[in-house]
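K.L.:
First the structure, which I've put down as structure tokens, then a few questions once you've had a look.
The values are calculated or read from the model by the stated rules, or taken from the named source; none is laboratory data. Treat the numbers as computed from the prediction; the structure is a model and nothing was measured. Here the Cβ positions follow ideal geometry from the backbone for every residue, glycine too, while neighbour counts run over all protein chains shown. Keep in mind that these areas ignore ligands, DNA and RNA; they rest on the heavy atoms of the full protein, side chains included. Shrake-Rupley method; radii C 1.70, N 1.55, O 1.52, S 1.80 Å.
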Amino acid sequence: MRYTSTRGGGAPLHFEDAMLAGLARDGGLFVPESWPRMNADEIAGLAGLAYEEIAFRVMRPFIGGAFADDAFRVLIERAYAGFDHRLRAPLLQVGEETWALELHHGPTLAFKDVAMQLIGQMFEAALTRRGARVTIVGATSGDTGSAAIEAFRGMEAADIFILYPHGRVSEVQRRQMTTPAEANVHAIAVEGDFDDCQAAVKAMFNDHAFRDKMRLAAVNSINWARVLAQSVYYFTAAVALGAPSRPISFAVPTGNFGDIYAGYVAKRMGLPIDRLIIATNRNDILHRTVQTGAHEKRGVAPTTSPSMDIQVSSNFERLLFDLHDREGEAVARLMRDLTGNQGGFTLSQGALDRLRAEFDSARFDEDEVAALIGRFAAETGHLFCPHSAIGLGAAIAHSGPTVGLATAHAAKFPDAVEAATGRRPALPEHMADLYEREERITVAPADTDFLKRLIVEKARA
Ligand SMILES: *Cc1c(COP(=O)(O)O)cnc(C)c1O
């Protein structure tokens, strides 16, 4: 299995090189050359298996010769050993035909741990074998950064720099990034929004001299290995609810489009997913795209679901690639329109029809989100974080069996949950002392050159 760029440039790479590089050299994202298929019997055969075994079977065809089967199994076991639920990603019924898929049982209480813990294991194994080091640089709207730091802290083969928007992440998210004391961990508060952070990271990767000198690696949601690891729980959930004989829909609280794209990957592999529902907060570029075909940037408005406060959805490029017959030139043109003065593009009718053949969308204002949190607390007794409430709100409005992804623990966003319900969610035991741990905060301007100098200065390589 090899991976090509969504913009058509460069030679195809094997799994491990695509994982270590993160972003293709032409600025595009890696996608597999073809989709491995699982037939109905193979999918039915997943029922009742452990999460780790399903993960192995789903991901195996994508990794080629990167890891021997036994070694890959060990990496998967280690990745999920620290989760605080035996099932890793349990389902909770919240309505007659609606379930919450709890993805927040990892060390930083958000779904990003599911992929990041595995990426940490795979990076360490690959770099140790190669005798190589990397500098991981990433932008975060909150949860990616804490999950990445948790996965890479203390690792010999990597320094990790995470740029987050100053003052725009929750206190729990910030503390998870600023309290690890390991020398290879650097959390940087950038004076700007998430898109400024992401633009700085992209600019560093597009500076090939800097990229090579620092051996930059990305573990953002654009990393193919992350998408792949996230496709696993679509299988575990669908099979638990009766797939392949019963098609299931998924409603996904969406920001960078990584999580829902993983559902699309599962569907391409043969999992009978009915609808994929893009659920957004008022930063709704993707909802507007599905409704009108116009993909247009607008300013970012801060919300109670900050991990979805974005105006550019990086992984949408991967879907655009398929919507345009996998023609890199067409995607490169659209991305130029998006980043240029036009600030967007309009999908052709054909591309829009294909998008709508797979995806629905829903959008929730802040008062609607608060109402949903309150409603689910009253009806189920459970507290859901604002992101999860958005996914579940879209799920409950959809007919047929539908799973809403619960992407973070309520205690990660306690103020919003308390405001909506009058109940303050408590942190799980293993994080109870988070508010007492000492923080290290570095504030920096949203200036790529400044940030590059900072990284050169602080990296151990
Ligand atoms: C990252 C994140 C999202 C959005 O996921 P994408 O893959 O960026 O679409 C939703 N909810 C939470 C809690 C997150 O951390």
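K.L.:
Kindly provide the pair-distance distribution of the range 78-149 built from C-alpha pairs, with 5 Å bins from 0 and whole-percent values in order of increasing distance.
P.N.:
The percentages, shortest bin first, are 3, 15, 20, 19, 16, 12, 7, 3, 2, 1, 0.
K.L.:
With a cap of 16 neighbouring Cβ atoms within 10 Å, and only residues DSSP puts in a loop, list the GluC sites (Glu not before Pro) found in the range 312-366. Mind showing how you got there, number by number?
P.N.:
Working: sites: E317, E327, E329, E358, E366; in loops: E327.
Of the GluC sites (Glu not before Pro), the ones in loops of the range 312-366 whose Cβ has at most 16 other Cβ atoms within 10 Å are E327.
K.L.:
Given 0.36 nm per residue, what is the gain on full extension from N39 to E182 after removing their alpha carbon distance, in nm?
P.N.:
Between N39 and E182, full extension yields 46.9 nm more.
K.L.:
For E77, put the label point 7 Å out on the Cα→Cβ axis and report which residues of the range 124-149 keep their amide N under 19 Å from it.
P.N.:
In the range 124-149, the label zone of E77 (backbone N under 19 Å from the point 7 Å along Cα→Cβ) covers 124-126.
K.L.:
Also: Can you list the trypsin sites (Lys or Arg not before Pro) in the range 383-461 that are in a DSSP coil and have 16 or fewer other beta carbons within 10 angstrom?
P.N.:
R423, R437, R440, R460
K.L.:
Kindly give the semi-axes, whole Å and largest first, of the ellipsoid equivalent to the range 219-259, taking each as the square root of 5 times a Cα gyration tensor eigenvalue.
P.N.:
23, 12, 6
K.L.:
Using only alpha-carbon positions, what ratio does the radius of gyration of the chain give when scaled by 2.2 N^0.38 Å?
P.N.:
0.90
K.L.:
Which of rounded, prolate, oblate describes the range 325-381, given a ≥ b ≥ c as roots of the alpha-carbon gyration tensor eigenvalues and a/c under 1.5 marking rounded, otherwise prolate only if a/b is larger than b/c? Present the calculation step by step, with values, prior to reporting the outcome.
P.N.:
On the way: a/c = 4.02, a/b = 2.31, b/c = 1.74.
Taking the square roots of the gyration eigenvalues as a ≥ b ≥ c, the range 325-381 is prolate.
K.L.:
For labels at F450 and E156 in the simple 7 Å Cα→Cβ model, what's the distance in nm?
P.N.:
Rounded to a tenth, the inter-label distance reads 3.7 nm.
K.L.:
Taking square-rooted eigenvalues a ≥ b ≥ c of the alpha carbon gyration tensor, is the range 321-461 rounded, prolate or oblate, where a/c under 1.5 means rounded and, failing that, a/b exceeding b/c means prolate?
P.N.:
Here the range 321-461 falls in the oblate category.
K.L.:
Cross-link list K202/K458; K112/K202; K112/K267; K412/K458; K202/K297: which exceed 27 angstrom alpha carbon to alpha carbon?
P.N.:
K412/K458, as the Cα separations exceed 27 Å there.
K.L.:
Only loop residues by DSSP count here, and only those with at most 13 other Cβ atoms within 10 Å; note down the trypsin sites (Lys or Arg not before Pro) in the range 288-397 that meet that.
P.N.:
R298
K.L.:
Also, quick follow-up: Could you work out the local net charge near G192, counting Lys and Arg as +1, Asp and Glu as -1, over the other residues with Cβ closer than 10 Å to its Cβ? All intermediate terms of the calculation are to be shown ahead of the outcome.
P.N.:
On the way: positive: R168; negative: E191, D193, D195, D196, D447.
Cβ neighbours under 10 Å give a net charge of -4.
K.L.:
Please get the size of the charge dipole for the range 373-461, origin at its Cα centre, with Cβ charges of +1 on Lys and Arg and -1 on Asp and Glu, quoted in debye to the nearest 20.
P.N.:
Values: 10 positive and 11 negative charges, 42 e Å.
The dipole magnitude comes to about 200 debye.
K.L.:
If you take the alpha carbon radius of gyration of the range 244-295 and divide it by 2.2 N^0.38 Å, what ratio comes out, to two decimals?
P.N.:
Cα-based Rg divided by the globular estimate yields 1.21.
K.L.:
On average over all directions, what projected area in square nanometres does the range 248-354 have, based on the convex hull of its Cα atoms? Mind dumping the intermediate values first?
P.N.:
Details: hull surface 26.9 nm².
Result: a mean projected hull area of 6.7 nm².
K.L.:
Still on this structure, I have one more. Could you compute Rg(Cα) / (2.2 N^0.38 Å) for the range 300-403, with N its residue count?
P.N.:
1.33
K.L.:
In whole angstrom, how far apart do the alpha carbon centroids of the range 224-286 and the range 392-441 sit?
P.N.:
Answer, in whole Å: 20.
K.L.:
Moving to a separate point now. Starting from the amide H of D360, placed 1.01 Å from N in the peptide plane, find each other amide H under 5 Å away whose residue is 5 or more places distant or on another chain.
P.N.:
Excluding prolines and chain starts, which carry no amide H, the hits are L276, I277, I278.
K.L.:
Can you list the HN-Hα couplings for the range 208-221, worked out from phi with the Karplus curve (6.51, -1.76, 1.60; θ = phi - 60°), rounded to whole Hz and with x for Gly and Pro?
P.N.:
So the Karplus estimates, Gly and Pro as x, are 4, 5, 5, 4, 6, 4, 8, 6, 5, 9, 10, 10, 5, 5 Hz.
K.L.:
Further question on the same structure: Along the charge dipole of the chain, pointing to its positive end and built from +1/-1 on Cβ of Lys, Arg, Asp and Glu, which listed residue (I162, T304, M214) has its Cα farthest out?
P.N.:
M214
K.L.:
Hey, another quick one. Tell me the carbon and sulfur percent of the accessible area for the range 359-461, rounded to whole percent, probe radius 1.4 Å.
P.N.:
C and S fraction of accessible area: 48 percent.
K.L.:
Amide H of A187 versus every other amide H placed in the peptide plane: which residues, excluding those fewer than 5 positions away on the same chain, fall under 5 Å?
P.N.:
Hits under the 5 Å cutoff: I162.
K.L.:
Right, another one. Can you send over the solvent-accessible area of T303, 1.4 Å probe, protein chains only, in Å² to the nearest 10?
P.N.:
Using a 1.4 Å probe on the heavy atoms, I get roughly 20 Å².
K.L.:
Give me the accessible area per residue for the chain, probe 1.4 Å, as a whole number in Å².
P.N.:
With the other protein chains kept in place, the chain gives 36 Å² per residue.
K.L.:
If you don't mind, another one. Give me the one-decimal nm value for the distance between modelled label points at E52 and A68, 7 Å along each residue's Cα-to-Cβ direction.
P.N.:
Here the modelled spin labels are 1.8 nm apart.
K.L.:
Moving on. What residues have an amide H closer than 5 Å to that of T346, excluding those fewer than 5 places away on the same chain, when H is modeled at 1.01 Å from N in the peptide plane?
P.N.:
When sequence neighbours closer than 5 places are left aside, the close amide H contacts are H295.
K.L.:
Got a sec to turn the phi values of the range 418-429 into Karplus ³J(HN,Hα) couplings, 6.51 cos²θ - 1.76 cosθ + 1.60 with θ = phi - 60°, whole Hz, x for Gly and Pro?
P.N.:
Working through the residues one at a time gives 5, 4, 7, 10, x, 10, 9, x, 8, 5, x, 2 Hz.
K.L.:
Kindly write out, for the range 249-264 in residue order, the coupling ³J(HN,Hα) from the Karplus curve 6.51 cos²θ - 1.76 cosθ + 1.60 (θ = phi - 60°), rounded to whole Hz, with x marking Gly and Pro.
P.N.:
These are the phi-based 3J(HN,Hα) values: 9, 10, 10, 10, x, 10, x, 7, 6, x, 5, 6, 5, 4, x, 5 Hz.
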